[in-house]
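The next block holds one structure in the form of structure tokens; read it before the comments.
The values are calculated or read from the model by the stated rules, or taken from the named source; none is laboratory data. Just so it is clear, the structure is predicted and the values come from calculations on it, not from any experiment. Quick reminder, even Gly has a Cβ in these numbers, built from the backbone with ideal geometry, and neighbours come from all protein chains shown. These area figures cover heavy atoms from the full protein model, side chains too; ligands, DNA and RNA do not enter into them. Shrake-Rupley method; radii C 1.70, N 1.55, O 1.52, S 1.80 Å.
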Amino acid sequence: MTTTSPATSSTETEQHGFKAHSDGGDAFVPVQTRSERFGSTNVADFPAVTGREPAWKYTPVAQLSDLIDGELNGSEYPFEAPAVDGVTVAWVGRDDKRIGTAGTPENKAAANAWTAFEKALVISVTGEEEKTFRLHRTDLGDGARAAHTVIEAAPHSRALVILENAGQAALTENIEIIVGDGAQLTVVSVQEWAEDARHLAEHFAEIGRDAKLKHVAVTLGGKIVRVNPSTHLGSQGADIEALGVYFADAHQHLEQHVYVDHDAENTRSRVSYKGALQGEGAHTVWIGDVLIRQTGTATDSYEENRNLVLSEGTRADSVPNLEIETGDIAGAGHASATGRFDDEQLFYLMARGIAEADARRLVVHGFLVEIIQRIGDAELGERIEAAIERELAAGDLPS
Amino acid sequence: MSVLEIRDLHVSVETDQGTKPILRGVDLTLNSNETHAIMGPNGSGKSTLAYTIAGHPKYTVDSGSITLDGEDVLEMSVDERARAGIFLAMQYPVEIPGVTVSNFLRTAKTAIDGEAPAIRTWIKDVRTAMDNLRMDKVFAERNVNEGFSGGEKKRHEILQLELLKPKFAVLDETDSGLDVDALKIVSEGVNRAQENTDLGVLLITHYTRILRYIKPDHVHVFVNGKVAEQGGPELADRLENEGYDRYLQTADQA
């Protein structure tokens, strides 16, 4: 893995940008628009992955060949999910009509999972009262595995759905999130995998009229973890708030491609991802694509990614892209910044009596807390903060 | 009554061209409630003295001592020095991403005192100190030094001085870049801290104009890493009229 020491920190901010950012330094190569990407549910329709594709160019594909085009175990797996009124969970066959309504794979690993899964797990939310549902998966094993999940919120229903992942895994999966008209759904996916785990996930959301999805990706553990949420805002007034928190330590690769497709009038999107990096070989990737189609008039969108670098030897790739096909928008903007916590900042805090470990904790906590608070669940927020504390404490702190 | 003593201090710094000695035998005794002005031309070692007292890792102490009431300051880490009662108001305070002023002040106060301040009095103390320094309330919710103007950064340094209540404060060119109104406000803050807590002040400055508002008991002129001359406030008046040329000529001949 390449490790680049970010001796210089970069800041880019652009408002109402009509031109896409150059995609990672390949100037003069035209950027393919996101909407033209090939999609199929059949793994055989995709050519072999080279690592040069837009979907893979930052990813260590050599370590993922079993998930990308190897044979996958698509059987049912054990999970824990305490019963909650208004939420049901069940395995369904591949012919269930909900499958495939929220999206189609645009890369070979996702298509491989789609081709291989035997049954899909469907989480159905009904009822207008607020409720919290937790589904916990742990130790899915070392063998390459496929999974398919559908989360369906009935019209006007409300819920917070938390997907917790821990233990060992070699998993490629697709999660479809179908938010009915007027529903308000929060989906939080927490990746706290074991050190060697590898996980590739595509989340596809279809949001109904005047409905809102808050989607949160929290990634702390795992060797290679890639969570790519794509949202289609195909009904008027649909709203997505996509949040992410990640903490990469030594030799961890954490990646997320966030895609928002404004395909109806008066739709709104807010994308905000924040990550911290610490330790040799820590690598994070964030690619944010916002597409505002001709149908997406009077839309309002903003995406941002901020990274905090805590030590040498880390690399944070951050690529915001904005494509606008209509002249009539309410607002569109994006921002990307990578900041360093350096020795001078440490000196400043210590010169005010604050011990070194506390100084680091203060800075990381301050940086990430804004996103954690926006999740809106105090218990989960506390657990995430405790997990980040552990990451900090376990890190190889430079002297 | 406390005393900060510096004895025969020699300090060097590593550069691309090798080790460069900067301080060449500095002696200084600072008592509570005293104000000492350290003046001198650029490159004379004034800031090096400030950062060495605070413990910046860039500077190496080759010989000599710094003690606070007999305790060896050079043996202490940066945060231990701060907790022992040494404060450095920095010339170029750095931005701390993600940390609000209010969170920072409370964390620092808790670290210095060894316990969290009582909420109600603390909020009142912060508000009063900010009012005195003509700082708007919204300041407390901004990230430390992020997007602050030069004057705001210096006021924020003095705000910390007033709230953390150290025994000794080293002010490193706190006057640089301030307009006359800000200079008055900042100076009033230093004087207030001295009245309230018997603060000993080491005022490092290139210019004499801050000495109109903060009256020094002693003036030390730094040239080439040593005290070239010392005296009372009248020495500052003389520097105002004559500048540093006299010392520089002597240094060149030496």
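Couple of notes before you dig in:
- Checking B:Thr128 against (1) more than 12 Å from chain A (Cβ to nearest Cβ); (2) buried (at least 21 other Cβ atoms within 10 Å of the Cβ); (3) hydroxyl-bearing (Ser, Thr, Tyr), the condition it does not meet: (2)
- Among the conditions (1) under 19 Å from B:Glu95 (Cβ atoms); (2) within 14 Å of chain A (Cβ to nearest Cβ), the only one that B:Gly151 does not satisfy is (2).
- Selection from region A:290-307 of residues that are surrounded by 24 or more Cβ atoms within 10 Å (Cβ to Cβ) and part of a strand (DSSP E or B): A:Val290, A:Ile292, A:Thr299, A:Ser301, A:Glu303, A:Asn305, A:Arg306, A:Asn307
- Per the conditions (1) more than 27 Å from A:Glu325 (Cβ to Cβ); (2) under 21 Å from the mean Cα position of the chain (by Cα), the sole criterion not satisfied by A:Trp56 is (1).
- Just one of the listed residues (A:Val271, A:Val260, A:Val245, A:Val218) is at pLDDT 95 or above, surrounded by 24 or more Cβ atoms within 10 Å (Cβ to Cβ), part of a strand (DSSP E or B) and in contact with a Ser or Thr (Cβ under 6 Å, 6 or more places away or on another chain), namely A:Val260.
- Among the residues of region B:156-168, not a single one is away from every other protein chain (no Cβ under 14 Å), of a type outside the set (S, T, N, Q) and surrounded by 17 or more Cβ atoms within 10 Å (Cβ to Cβ).
- If you go through region A:322-345 and keep only what is surrounded by fewer than 22 Cβ atoms within 10 Å (Cβ to Cβ) and touching a helix residue (DSSP H, G or I) at 6+ places or on another chain (Cβ under 8 Å), you end up with A:Glu323, A:Gln345.
- Residues satisfying the stated conditions in region A:61-80, i.e. open to solvent by less than 30 Å² (accessible area, probe 1.4 Å) and either part of a loop (DSSP other than H, G, I, E, B) or of a type in the set (Ser, Thr, Tyr) (or both): A:Gly70, A:Leu72, A:Gly74, A:Tyr77
- Residue-level analysis places A:Ala201 among those that are of a type outside the set (S, T, N, Q) and crowded, with 20+ Cβ neighbours inside 10 Å.
- The set of residues in region A:209-240 being closer than 18 Å to A:Glu106 by Cβ and among the basic types (Lys, Arg) consists of A:Arg226 alone.
- Tabulated pairs, region A:200-212, first on the phi > 0 side of the Ramachandran plot, second at pLDDT 95 or above and assigned to a loop (DSSP other than H, G, I, E, B), C-beta under 6 angstrom, 6+ apart or interchain: A:Asp210/A:Gly182; A:Asp210/A:Gly237
The rows are residues; the columns are (1) open to solvent by 10 Å² or more (accessible area, probe 1.4 Å); (2) farther than 20 Å from A:His251 by Cα; (3) assigned to a strand (DSSP E or B).
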position: A:Leu140; (1), (2), (3): yes, yes, no
position: A:Ala146; (1), (2), (3): no, yes, yes
position: A:Glu152; (1), (2), (3): yes, yes, yes
position: A:Val161; (1), (2), (3): no, yes, yes
position: A:Glu173; (1), (2), (3): no, yes, yes
position: A:Ile178; (1), (2), (3): yes, yes, yes
position: A:Val187; (1), (2), (3): no, yes, yes
position: A:Val190; (1), (2), (3): no, no, yes
position: A:Asp196; (1), (2), (3): yes, no, no
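- Among the residues of region B:197-211, those that are farther than 19 Å from B:Lys46 by Cβ and out of contact with any helix residue (DSSP H, G or I) (no Cβ under 8 Å at 6 or more places or on another chain) comprise B:Thr197, B:Asp198.
- Output for region A:294-347, where each listed residue is within 17 Å of A:Gly281 (Cα to Cα) and of a type in the set (Lys, Arg): A:Arg315, A:Arg340
- Residues being farther than 8 Å from A:Thr326 by Cβ, of a type outside the set (D, E, K, R) and over 20 Å from the mean Cα position of the chain (by Cα) - total across region A:280-294: 1
- Among the residues making up region B:43-63, those that are away from chain A (no Cβ under 14 Å) and open to solvent by 40 Å² or more (accessible area, probe 1.4 Å) are B:Gly43, B:Thr60, B:Val61, B:Asp62, B:Ser63.
- Selection count, region B:66-91, where residues are open to solvent by 30 Å² or more (accessible area, probe 1.4 Å), at the interface with another protein chain (Cβ under 9 Å from one of its Cβ atoms) and assigned to a loop (DSSP other than H, G, I, E, B): 1
- Failed criterion for A:Gln32 (all others in (1) of a type in the set (S, T, N, Q); (2) assigned to a loop (DSSP other than H, G, I, E, B); (3) at pLDDT 95 or above hold): (3)
- Test for B:Phe104: is it in a strand (DSSP E or B), in contact (Cβ under 8 Å) with a residue 24 or more places away in the chain, buried (at least 21 other Cβ atoms within 10 Å of the Cβ) and within 11 Å of chain A (Cβ to nearest Cβ): no
- Selection of helices (runs of 4 or more DSSP H) fully inside region A:338-396 by the criterion of at least 3 residues being without any contact (Cβ under 8 Å) to a residue 60 or more places away in the chain and more than 14 Å from every other protein chain (Cβ to nearest Cβ) returns A:378-394.
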